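Since the structure comes first, as structure tokens, the remarks are kept for the end.
What follows is calculated from the coordinates using simple rules that are stated; it is not laboratory data. This is a predicted model, so every value here is computed, not measured. Note: ideal-geometry Cβ built from the backbone for every residue, glycine included; neighbour counts use all protein chains shown.
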Amino acid sequence: MRGRWVGGVAAALSAHLRLPVPAVRLAFVLLVLPAGVGLWLYLFWWVTVPTGNPDDPSTTRPAAMSRLAARQSLVEPGRRLPVTDVGIALLMLAGAVLLVALRRGVAVDTRWVLPLLFLLGGLALAWSQLDAAQRGRLQRVAGGRTPAPVLAVLGGVLLAGVGVVLVVGQVAGEGLAPRVLAQAVVASLSVIAGVGLVLAPWWLRLMRELGDERTARARESERADIAAHLHDSVLQTLALIRAHADDSAEVARMARAQERELREWLYADRPAPSTSVAAGLRAVVAEVEDTRTGPDGRPVAVDVVVVGDRPPDDGSVALLQATREALVNAVTHGHPPVSLYLEVRDDALEVFVRDRGEGFDLEAIGADRFGVRESILGRVRRRGGTAQVTSSAQRGTEVHLVMPTSGDPTEESS
Amino acid sequence: MNEPVSVLLVDDHALVRAGVRASLDARVRVVGEAADVDGAVRAVHELHPSVVLLDVHLPGGDGGGGAEVVRGCTDLLDVTRFLALSVSDAAEDVVSVIRVGARGYVTKAIDGPTLSDAVLRVAGGDAVFSPRLAGFVLDAFGTSVGDVATTDDELDRLSAREREVMRLIARGYSYKEVAGELFISVKTVETHVSAVLRKLQLSNRNELTRWAAARRLL
């Protein structure tokens, strides 16, 4: 909910009742006067009403109707008041008031303070789970992996339990006598255990139903996602192909581009080009396949095999640039099939680009020809790598590039 | 050798079956077709073809696809050999069919004569590796210096020669070109490839088992 000040209750209520937000806020403030009703109402709605706007079209539209890919979830709503800080400040203020009162000689029963603090702290910790914004923050603090909500609930229960036991100790009038404490703990634990046993089957069934429903929803959204993708890309490409049916080169190019995109999408665990040499290489291949054609004007598919992977560095970037030039040469001057092999080892990156053309005589190329000499061989050699071209009329041309790994080798993922 | 090799086509798309049938040359005779797991197992037991061209993703059965077909025909693995034919380049698809006993893996982008060659090779008891399968093998068995096998019966590592052969295949070399490059006979190349296939099927190497376990293939 946008425009929230504290918990967003007033904003949500105004959206629900279609009233201006200031009016709702004013009503809350006025309602505080009779015995703090407004405050209690506010707290009650804060903890019980889930966050989010049910009228928001992005959440109401059923997945089955959706024709677009899964929508991005809303950005975490901005909260103007740092609630945690305010809470801490209030606590400290209360402590200060208490201390001042003690100094002034006001008879405050300090024995109640500690148990009550425990109790309130535990409750606050546990109930904070209901606030989605708070939950997100806790998860981030915990690094996302640890079940932060569970931890918070456990801590809250523990704190509140200690508080309750201490209160019981006070009520029994025997202070913190171990016997009373033990009795209180045993009694409360047995009550909890009894209630737990009675409610367990119902709880289990509830959890199972929830799980089933979640799976069904996940499947539904996946189906919608697939439908969306097929519609957006594959169907449109097929329509384009039909329209260009007499232009076979164009049809082949579109079919190849679509195939590549679909593979990219199906095997979605592929990393982004900026984090992986293999993905960077695929981007290079895609660019060459899309923009270059063979000597006869037909598009050429490149057969790519990649072994290993690691994050890119300066050397790998230079190697990929040289690979691109070699690929362009192979596609435009050679003869398909064009093969590309990249091997990522701990000590080096190795690339082979091969075509089945008639080959050419490297020595016959003048030193002034920039293509092969500078953009492929020079680029790699300047970075400390080795590069060589073997070419013969029978076996085609093969460009072999090796780039030693600079710096410490990073872990190799497969 | 004059007798054409009998082949069973298993693919759930009639269009693909027709295309493959048309691309195969005279050295190969298509004796039947099947479109799902149960039909394929039945056809293999009735026709006893020399080679089954098997799609990895198939409907029917228990949802196990091509691997389930191979598993259903384990009693005939001496007579009938399986060659996986798929558009997929996902490692788990490859490993699933190879580990249950397929003798090779080629992609559907393969041209007719090469596919016929592959069928003949599989019928002759050899293994057929596409560049992508070779790349996958190198990925699974590791490419660093410490990953070289020192003895022949080691299952978890490739020997230096086997790795050299795999690298050449991954670079797009045909068996003949590999043989020329390494100054060995084509027969020796086939022996190396079959040895790699055996390691791929029997190895407990982490990567293989991890993939398989993650996809619940084992």
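Straight-line reach only, C-alpha to C-alpha below 21 angstrom: list the lysines that B:K199 could link to, leaving out same-chain residues fewer than 8 apart.
Output for B:K199: B:K187.
If you take every residue apart from A:G385 with its C-beta less than 10 Å away from the C-beta of A:G385, what net charge results, scoring Lys and Arg +1 and Asp and Glu -1?
+3
Listed highest first by mean packing, meaning other Cβ atoms within 10 Å per residue, what order do A:204-211, A:297-304 come in?
Ranking, from highest mean packing down: A:297-304, A:204-211.
For chain B, report the translational diffusion coefficient in µm²/s to the nearest whole number, using Stokes-Einstein at 25 °C, 0.890 mPa s, and a Kirkwood Rh over Cα pairs.
Here the translational diffusion coefficient equals 141 µm²/s.
Using amide H atoms built in the peptide plane, which far-off residues or other-chain residues are under 5 Å from B:S130 H to H?
Under 5 Å from the amide H of B:S130: B:Y105.
At a threshold of 8 angstrom on Cα-Cα distance, excluding pairs fewer than six apart, so keeping six or more, what relative contact order does segment B:1-125 reach in percent?
Taking the mean separation of contacting Cα pairs over the length of segment B:1-125, I get 26 percent.
Could you please rank A:V164, A:V100, placing first whichever residue has the fewest other Cβ atoms within 10 Å of its Cβ?
A:V100, A:V164
So which lysines can B:K108 reach, going by Cα to Cα under 22 Å and dropping same-chain residues fewer than 8 places off?
B:K176
Express the relative contact order of segment A:199-313 as a whole percentage, based on alpha carbon pairs under 8 Å and six or more residues apart in sequence.
Relative contact order here is 21 percent.
Per residue of segment A:249-263, in order, report the coupling 6.51 cos²θ - 1.76 cosθ + 1.60 (Karplus, θ = phi - 60°) as ³J(HN,Hα) in whole Hz, putting x for Gly and Pro.
With the stated coefficients, segment A:249-263 comes to 5, 5, 4, 5, 5, 5, 4, 5, 4, 5, 4, 4, 5, 5, 4 Hz.
Give the long-range amide H neighbours of A:R310: residues separated by 5 or more places, or on another chain, with amide H under 5 Å away, using H modelled in the peptide plane at 1.01 Å from N.
For A:R310, whose amide H was placed from the backbone, the distant partners under 5 Å are A:V277, A:A278.
Going by Cα centres, segment A:286-348 and segment B:26-75 are how many Å apart?
The distance from the Cα centre of segment A:286-348 to that of segment B:26-75 comes to 37 Å.
Contact order normalised by length for chain B, with contacts defined as Cα pairs under 8 Å and 6 or more residues apart; what percent is it?
Contact order relative to length: 16 percent.
Rg/Rh for segment B:64-103 to two decimals, with Rh computed the Kirkwood way over all alpha-carbon pairs.
When Rh is taken as the Kirkwood radius, the ratio is 0.96.
Order of A:W202, A:W40 from fewest to most other C-beta atoms within 10 Å?
Going from sparsest to densest Cβ surroundings: A:W202, A:W40.
Could you tally the net charge around A:R256, taking each other residue with its Cβ under 9 Å from the Cβ of A:R256, Lys/Arg +1 and Asp/Glu -1?
Spelling it out: positives minus negatives among the neighbours equals -1.
What's the average, rounded to a whole number, of partner chain beta-carbon atoms within 10 Å of each residue's beta-carbon in A:343-354?
3
Name the residues whose placed amide hydrogens come within less than 5 Å of the amide hydrogen of A:A348, ignoring near sequence neighbours (fewer than 5 apart) on the same chain.
A:T405
Which of rounded, prolate, oblate describes segment A:270-404, given a ≥ b ≥ c as roots of the alpha-carbon gyration tensor eigenvalues and a/c under 1.5 marking rounded, otherwise prolate only if a/b is larger than b/c?
Oblate, because a/c is 1.5 or more while a/b does not exceed b/c.
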